Amino acid sequence: MTFDDPARAGAPPTDWAAVWRTALRHGRTIANAALDVVFPPSCLACRKAVAAHGALCPACWRQVGFIEKPYCERLGTPFAYDLGVPGLQSPEAMANPPVYQRARAVARFDDGPVRALIHRLKYGDRMELAKPLGLWMARAGAELLAEADLLVPVPLHRRRLIWRQFNQAHALAEVIGRASGKRVDPFALARVKRTAPQVGLTRSQRADNVQGAFKVPEAGSLAITGRNVLLIDDVLTSGATLNAAARALLRGGATRVDVLVFARVVSAS
Ligand SMILES: [Zn+2]
């Protein structure tokens, strides 16, 4: 990098005295303190100054629709009232049971800054967001993680991966794997069909669109046979993609498939 670099030219010089002060005051490492001075911590959603990296400001935090108990044992969708019955399933889960066993999510997709966070994870500040979002997921999915043998991220089609160069589900799975000590296998499941975007399709069109989209390769079958698999993705909307992925894993020999996502759509009904 030279001083002619336009990106560098406007940046203020690093204030090393401030780095030391910050490190001493907070008992932090010099590297972390340097990071705070060069890139002061900002809210993951709105960029307002916050105390630590990887956090939301109080205003954004209040707008996130965190999903907490009581929720449907199967779908992980929140109940309006606590009926005090453990393991209770929602009418939706009983009428339309998913292929996977249980799903858990950190937050509602449509509320507050969640949609923007997901968009930035996919297309913007990828690694900056994968860590905090993955750590939230590890907390929300603690029950599922305790019973999981391995984590499998929902794969992208090979050509889409080449174009995007980043699979957000894989990045999240790596963070969750490190936090929980569970193995991540990004090759256990392959996306063999390039599917059209699911946006604007009806429920049955979405299911048709992703039918046969996933396959467990031979090597993947060895890894998952007789195992409890936890599928990782960023978002659950209709559940069609995760159902198709779970179906392929069960056919490939998995004993049980659970699902952990960052955000899910919660229907108004
Ligand atoms: Zn904010």
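The values are calculated or read from the model by the stated rules, or taken from the named source; none is laboratory data. These numbers come from a predicted model, not from an experiment. Glycine gets a Cβ as well: all are built from the backbone with ideal geometry, and neighbour counts include every protein chain shown.
Residue-by-condition table, conditions (1) without any contact (Cβ under 8 Å) to a residue 60 or more places away in the chain; (2) more than 16 Å from the ligand (Cβ to nearest atom); (3) over 22 Å from Met127 (Cβ atoms):
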site: Ser42; (1), (2), (3): yes, no, no
site: Ala59; (1), (2), (3): yes, no, yes
site: Val64; (1), (2), (3): yes, no, no
site: Arg74; (1), (2), (3): yes, yes, yes
site: Asp82; (1), (2), (3): yes, yes, yes
site: Met94; (1), (2), (3): yes, yes, yes
site: Gln101; (1), (2), (3): no, yes, yes
site: Pro113; (1), (2), (3): no, no, no
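For Asp149, the conditions (1) surrounded by 17 or more Cβ atoms within 10 Å (Cβ to Cβ); (2) without any contact (Cβ under 8 Å) to a residue 40 or more places away in the chain; (3) away from the ligand (no atom under 16 Å from the Cβ) all hold with the exception of (2).
Residues that are buried (at least 18 other Cβ atoms within 10 Å of the Cβ): list the helices (runs of 4 or more DSSP H) wholly contained in the range 153-269 that include at least 1 such residues.
By residue number, 168-180, 203-210, 218-224, 240-251.
Applying the selection to the range 50-109, what residues are part of a loop (DSSP other than H, G, I, E, B) and among the acidic types (Asp, Glu)? Listed by number, the residues that qualify are Glu68, Glu73, Asp82. For Val50, the conditions (1) out of contact with any Cys (no Cβ under 7 Å at 6 or more places or on another chain); (2) within 16 Å of the ligand (Cβ to nearest atom) are fulfilled apart from (1).
Here is a yes/no grid of residues against (1) modelled with pLDDT of 90 or more; (2) closer than 28 Å to Val192 by Cβ; (3) not assigned by TED's automatic domain parsing to the domain that holds Asp234:
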{"residue": "Val99", "(1), (2), (3)": "yes, yes, no"}
{"residue": "Phe109", "(1), (2), (3)": "yes, yes, no"}
{"residue": "Gly112", "(1), (2), (3)": "no, no, no"}
{"residue": "Glu143", "(1), (2), (3)": "yes, no, no"}
{"residue": "Ala146", "(1), (2), (3)": "yes, no, no"}
{"residue": "Leu151", "(1), (2), (3)": "yes, yes, no"}
{"residue": "Val154", "(1), (2), (3)": "yes, yes, no"}
{"residue": "Arg164", "(1), (2), (3)": "no, yes, no"}
